[in-house]
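Asks: Here it is, the structure, as structure tokens.
The values are calculated or read from the model by the stated rules, or taken from the named source; none is laboratory data. These numbers were taken from a predicted model, which means no experiment stands behind them. Note: ideal-geometry Cβ built from the backbone for every residue, glycine included; neighbour counts use all protein chains shown.
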Amino acid sequence: MEEKGKKPPLLQVIDLHTSFTTDNGEVLAVNGVNFTLEEGKTLGIVGESGSGKSVTAYSIMQILEKNGHITEGQILFQGEDITHYSPKQMNVFRGHKCAIIFQDPMTSLNPVYTVGNQIEEAILIHSDKSKSEARAAALEMLRLVGINDAERRIKQYPHELSGGMRQRVMIAMALASEPSILIADEPTTALDVTIQAQILELMQELQRKLNMAIIIVTHDLGVIAQMADEIVVMYGGRICERGTADDIFYRPAHEYTKGLLRSIPRVDNMKEKLIPIGGNPINLLNMPKGCAFCARCDEAMKICIDEVPPELRIHDTHLASCWMNVKNQNYMEVPDKDE
């Protein structure tokens, strides 16, 4: 419960469950996810393909496939539960309050319209600007995201632009209505390393200018190492660990997070052998009774098979759901709420 008179967080996801109905059964893609996003902050959601990170983002936007639905939980925007919004209210929320950048701009942009037409459309839908005002705003947005010669580029089609420029166009479209939250779903996957760095720097610069909050969804821990205020690590539709970048990179407290870190190269020790996580990703149609990562974990114990580990506070900013923390007494005692 929010304290009386205290301003609620910008976004709060509470016990979110999202599932998909398939011919083979119900797929529990998101299973009890909780997190908070404050104004002007960046939240990174990390995990393998199939971990539930993108479905969590799509649940916030309510752009799930027809067979997908939120079955339980709340999504509070400035204290108001948007899961009860009508389609008309959601159309206002999408774009005006919260916008999304998809991972492949070539498939997200319409190939038969110029980039100018597509940015203008976003502005006309979410504002009362005239067509000429929308055109001027579209030019301003292209300049804002660092596209040179905006007057020429605005008349071009997506195939005439490079991958990095198409991604900048996607960012311009997302920011056209000045949203409070920007969701970036794998925004740098299709780009080379140099362009990746430019796009991430651009997002941080725009965040400072516009004071917007960012949720960045990625499978790459390196992408958000210097960007996120808080990192959430997901596996099997659940959050297994959360904390600051220092918590996650230097003090990992879940065996899955440790496995992810062992499988990526380190700049300070490029000779270190990379160790991939063994086994196969979990089958969401057949979730285990206990810890979702149990079958792939070298440290698994009997309790891991039978019981879902509780989320324990490792220290002030760091929480993890792993029985090894109980075994090693690596957590803080959380005082009772009534005390």
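Asks: Taking the condition of a type in the set (V, I, T) and either modelled with pLDDT under 95 or over 24 Å from S19 (Cα atoms) (or both), does I248 pass?
Replies: It is true that I248 is of a type in the set (V, I, T) and either modelled with pLDDT under 95 or over 24 Å from S19 (Cα atoms) (or both).
Asks: Something else now. Return yes or no: is I60 over 13 Å from T18 (Cβ atoms) and either in contact with an Asp or Glu (Cβ under 7 Å, 6 or more places away or on another chain) or crowded, with 18+ Cβ neighbours inside 10 Å (or both)?
Replies: In short, no.
Asks: Can you pull out the residues in segment 101-134 that are buried (at least 19 other Cβ atoms within 10 Å of the Cβ), under 28 Å from the mean Cα position of the chain (by Cα) and not in a loop (DSSP other than H, G, I, E, B)?
Replies: The answer is I101, P105, V115, G116, Q118, I119, E120, A122, I123.
Asks: Considering only segment 207-320, give the helices (runs of 4 or more DSSP H) lying wholly within it that have at least 3 residues that are of a type in the set (D, E, K, R).
Replies: Working: elements: 221-224, 245-250, 255-262, 302-306.
Passing ranges, in order: 255-262.
Asks: Being hydrophobic (A, V, I, L, M, F, W, C), without any contact (Cβ under 8 Å) to a residue 12 or more places away in the chain and surrounded by fewer than 16 Cβ atoms within 10 Å (Cβ to Cβ) is the filter here; which residues of segment 249-304 pass it?
Replies: Once the filter is applied, which keeps residues that are hydrophobic (A, V, I, L, M, F, W, C), without any contact (Cβ under 8 Å) to a residue 12 or more places away in the chain and surrounded by fewer than 16 Cβ atoms within 10 Å (Cβ to Cβ), segment 249-304 yields V267, M270.
Asks: Right, another one. Is there any pair linking a residue in segment 191-216 that is without any contact (Cβ under 8 Å) to a residue 40 or more places away in the chain and over 16 Å from A172 (Cβ atoms) to one that is of a type in the set (V, I, T) and outside any helix (DSSP H, G or I), with Cβ under 6 Å and at least six apart or on different chains, and which?
Replies: Listed by first residue and then by second, the contacts come to Q196/T188.
Asks: Every residue in segment 1-50 that is touching a Pro at 6+ places or on another chain (Cβ under 7 Å) and either assigned to a strand (DSSP E or B) or not small (G, A, S) (or both), please.
Replies: If the condition is that a residue be touching a Pro at 6+ places or on another chain (Cβ under 7 Å) and either assigned to a strand (DSSP E or B) or not small (G, A, S) (or both), then E2, T36, L37, E38, E48 are the ones that fit.
Asks: Does E241 satisfy the condition of being under 17 Å from I60 (Cβ atoms) and touching a Phe, Trp or Tyr at 6+ places or on another chain (Cβ under 9 Å)? Break it down into steps so the answer makes sense when it comes.
Replies: Values: under 17 Å from I60 (Cβ atoms): no; touching a Phe, Trp or Tyr at 6+ places or on another chain (Cβ under 9 Å): yes.
Criteria not met by E241.
Asks: Would you call I45 hydrophobic (A, V, I, L, M, F, W, C) and free of Cβ contacts under 8 Å to residues at least 60 places away in the same chain? It would help to see each step written out before you state the result.
Replies: Working: hydrophobic (A, V, I, L, M, F, W, C): yes; free of Cβ contacts under 8 Å to residues at least 60 places away in the same chain: no.
In short, no.
Asks: Another one. Residues of segment 129-167 being under 13 Å from V115 (Cβ atoms) and among the aliphatic types (A, V, I, L, M), which ones?
Replies: A138, L139, M141, L142, V145, I147, A150, I154, L161, M165
Asks: Within segment 180-224, which residues are surrounded by fewer than 19 Cβ atoms within 10 Å (Cβ to Cβ), closer than 18 Å to P265 by Cα and either at pLDDT below 85 or among the aromatic types (F, W, Y) (or both)?
Replies: T189, D192, V193, T194, A197, D220, G222
Asks: Might you let me know whether segment 146-158 holds any residue that is within 23 Å of F93 (Cα to Cα), touching a helix residue (DSSP H, G or I) at 6+ places or on another chain (Cβ under 6 Å) and among the aliphatic types (A, V, I, L, M)?
Replies: Taking segment 146-158 first, the residues within 23 Å of F93 (Cα to Cα) are none.
Checked against the condition, which is being within 23 Å of F93 (Cα to Cα), touching a helix residue (DSSP H, G or I) at 6+ places or on another chain (Cβ under 6 Å) and among the aliphatic types (A, V, I, L, M), segment 146-158 yields no hits at all.
Asks: Can you tell me how many residues within segment 66-88 are surrounded by 13 or more Cβ atoms within 10 Å (Cβ to Cβ) and assigned to a helix (DSSP H, G or I)?
Replies: Residues in segment 66-88 being surrounded by 13 or more Cβ atoms within 10 Å (Cβ to Cβ) and assigned to a helix (DSSP H, G or I): 2 in total.
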